[in-house]
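**Student:** There's a structure below that I have some questions on.
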Amino acid sequence: MRMQIAAANWKMNCTLDEAKQLLKELSSPAIKIKSQHRVIIAVPFPYLILAKEFFTGVPGYFVAAQNCYDKEAGAYTGEVSAAMIASCGITHVIIGHSERRSYFSETNAMLAEKVKLALKNHLTPIFCCGESLKVREENLQNAFIGRQIEESLFHLEPGQFPRIIIAYEPIWAIGTGKTATSEQAQEMHSFIRRTITEKYGSSVAEDITILYGGSVKGSNAAELFEKPDVDGGLVGGASLKAAEFKKIIESLKK
Ligand code: PGA
């Protein structure tokens, strides 16, 4: 179902004490959200269960992992499976963040496997896509994003597709302070919805939540989120400060 979502991506930040402090500030008191709103906090693996405890009984708040492996189980030292994440009571997992694609060479085909395994284990994938500055300068962003979505998501059955959340995160806007304009975000989100319409039909496409990510802050969130196809944000840097992230939660479409 289409939701308005403020999602935090802590990336590889926070020691245990810092994580506890930030979780405490976010959860007590937590910003009260409307029924069509969700807040999702993606924390590093060691803090998943702890984070879940902080939000137990807080309506509309969920915890996510930032990644899972593309194999079910076995001799893959250091990796974490979708089944393990789900067994900890976690409900969401980020898949295909551009940092994983570039530093860990994750391909569209690998991400298709991760999406399959996440769904098989009843996790909601937050599937990230996004183009580099070079691709945007050459005006090839639509073809590029279309391919990422097609190769990683279009193996899904029509009944499975609505279980996905998509995050459009232009790489040139991540951690750079250079946000896409709300018009650029709207343009791409509407293109993504059209691409989904062609494959699965408009009722499926209209039902998909599409987040924008890339230098979202308290000061620009409302302008981005008010665009019709922008259903909230995936937030890195600004999610590490409780007051700033709370402002972003409050900027979700009413
Ligand atoms: P940023 O990161 O908000 O720090 O730009 C967003 C993301 O990578 O998810």
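The values are calculated or read from the model by the stated rules, or taken from the named source; none is laboratory data. These numbers were taken from a predicted model, which means no experiment stands behind them. A quick note on method: Cβ atoms are made from the backbone with ideal geometry, for glycine too, and the neighbour counts reach across all protein chains shown.
**Student:** Working carefully through the options Ala73, Ala51, Ala82, Ala86, find the one that is farther than 25 Å from Thr15 by Cβ, buried (at least 21 other Cβ atoms within 10 Å of the Cβ) and either at pLDDT below 95 or more than 16 Å from the ligand (Cβ to nearest atom) (or both). Write out each step before concluding.
**Tutor:** On the way: Ala73 fails: buried (at least 21 other Cβ atoms within 10 Å of the Cβ); Ala51 fails: farther than 25 Å from Thr15 by Cβ; Ala86 fails: buried (at least 21 other Cβ atoms within 10 Å of the Cβ).
On inspection, the qualifying residue turns out to be Ala82.
**Student:** Mind listing just one residue for me: the one in the range 152-176 that is without any contact (Cβ under 8 Å) to a residue 60 or more places away in the chain, more than 19 Å from Thr209 (Cβ to Cβ) and surrounded by fewer than 17 Cβ atoms within 10 Å (Cβ to Cβ) and, of those, nearest to the ligand (Cβ to nearest atom)?
**Tutor:** Among those residues, the one meeting the criterion is Thr176.
**Student:** Pairs needed: first member in the range 77-105, in a loop (DSSP other than H, G, I, E, B); second member anywhere, within 16 Å of the ligand (Cβ to nearest atom) and at pLDDT below 95; C-beta distance under 9 Å; at least 6 residues apart or different chains.
**Tutor:** His97/Ile174
**Student:** Just for the range 23-47: of the residues that are β-branched (Val, Ile, Thr) and in a loop (DSSP other than H, G, I, E, B), which one is surrounded by the most Cβ atoms within 10 Å (Cβ to Cβ)? Write out each step before concluding.
**Tutor:** Pass one, the range 23-47, residues β-branched (Val, Ile, Thr): 31, 33, 39-41, 43.
Subsequent filtering for residues that are in a loop (DSSP other than H, G, I, E, B) retains 31, 33, 43.
Working: Ile31: 20, Ile33: 19, Val43: 26.
Ranking the qualifying residues of the range 23-47, first place goes to Val43.
**Student:** Now for a separate question. Would you please list the contacts, defined by Cβ atoms under 7 Å and residues six or more apart or on different chains, that run from a residue in the range 200-220 that is without any contact (Cβ under 8 Å) to a residue 60 or more places away in the chain and farther than 22 Å from His92 by Cβ to a residue that is more than 16 Å from the ligand (Cβ to nearest atom) and not β-branched (Val, Ile, Thr)?
**Tutor:** Once the first residue is without any contact (Cβ under 8 Å) to a residue 60 or more places away in the chain and farther than 22 Å from His92 by Cβ and sits in the range 200-220, no partner that is more than 16 Å from the ligand (Cβ to nearest atom) and not β-branched (Val, Ile, Thr) comes close enough.
**Student:** Right, here's the next one. Look at the range 89-112 and say how many of its residues are within 12 Å of the ligand (Cβ to nearest atom) and surrounded by 19 or more Cβ atoms within 10 Å (Cβ to Cβ). First the steps, then the outcome.
**Tutor:** To start, the set of residues in the range 89-112 that are within 12 Å of the ligand (Cβ to nearest atom) comprises 94, 96-102.
Filter once more, keeping what is surrounded by 19 or more Cβ atoms within 10 Å (Cβ to Cβ): 94, 96-99, 101.
Number satisfying all stated conditions: 6.
**Student:** Hey, which of the helices (runs of 4 or more DSSP H) in the range 180-225, taking only ones fully inside, have at least 3 residues that are closer than 19 Å to Glu151 by Cα?
**Tutor:** Working: elements: 182-200, 202-207, 221-225.
Qualifying helices (runs of 4 or more DSSP H): 182-200.
**Student:** Here is a list of conditions, (1) in contact with a strand residue (DSSP E or B) (Cβ under 7 Å, 6 or more places away or on another chain); (2) among the hydrophobic types (A, V, I, L, M, F, W, C); (3) surrounded by fewer than 18 Cβ atoms within 10 Å (Cβ to Cβ), and Cys129 meets all of them except one; can you say which number that is?
**Tutor:** The one condition Cys129 does not meet is (3).
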